[in-house]
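The values are calculated or read from the model by the stated rules, or taken from the named source; none is laboratory data. Since the structure is predicted, the reported quantities are computational estimates derived from the model, not experimental observations. Here the Cβ positions follow ideal geometry from the backbone for every residue, glycine too, while neighbour counts run over all protein chains shown.
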């Protein structure tokens, strides 16, 4: 989980650059998959408050029904979530 959270944080920070649309679709799919798995792992560990956070993030980033927030707001979300993932990866044991 730890390396995956760092990788996803980097992918989210790269969303600030002008990338092809396919890149953003890939990041949304990867983020939804990661957040879904993280919610499952946190539920198994009994950390219910993080389960809710990860479920909300999985729904926000899910690639099937586009949530249109606009480029500026998505950039803000990407930075906040990326920083949060760096903190989560640093605090997470293995």
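Side notes on the structure shown:
Residue-wise test of (1) touching a strand residue (DSSP E or B) at 6+ places or on another chain (Cβ under 9 Å); (2) surrounded by 15 or more Cβ atoms within 10 Å (Cβ to Cβ); (3) modelled with pLDDT of 90 or more; (4) not in a loop (DSSP other than H, G, I, E, B).
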site	(1), (2), (3), (4)
10	no, no, yes, yes
13	no, yes, yes, yes
27	no, yes, yes, yes
30	no, yes, yes, yes
33	no, yes, yes, yes
38	no, yes, yes, yes
69	no, no, no, no
76	no, no, yes, yes
88	no, yes, no, yes
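- Of all residues in region 15-25 being in contact (Cβ under 8 Å) with a residue 12 or more places away in the chain and surrounded by fewer than 17 Cβ atoms within 10 Å (Cβ to Cβ), the one that is farthest from residue 57 (Cα to Cα): 16
- Residues of region 54-67 that turn out to be farther than 18 Å from residue 42 by Cβ and either free of Cβ contacts under 8 Å to residues at least 24 places away in the same chain or in a helix (DSSP H, G or I) (or both), as a count: 4
- Residue within region 46-53 that is in a helix (DSSP H, G or I), at negative phi, crowded, with 18+ Cβ neighbours inside 10 Å and under 10 Å from the mean Cα position of the chain (by Cα) present: no
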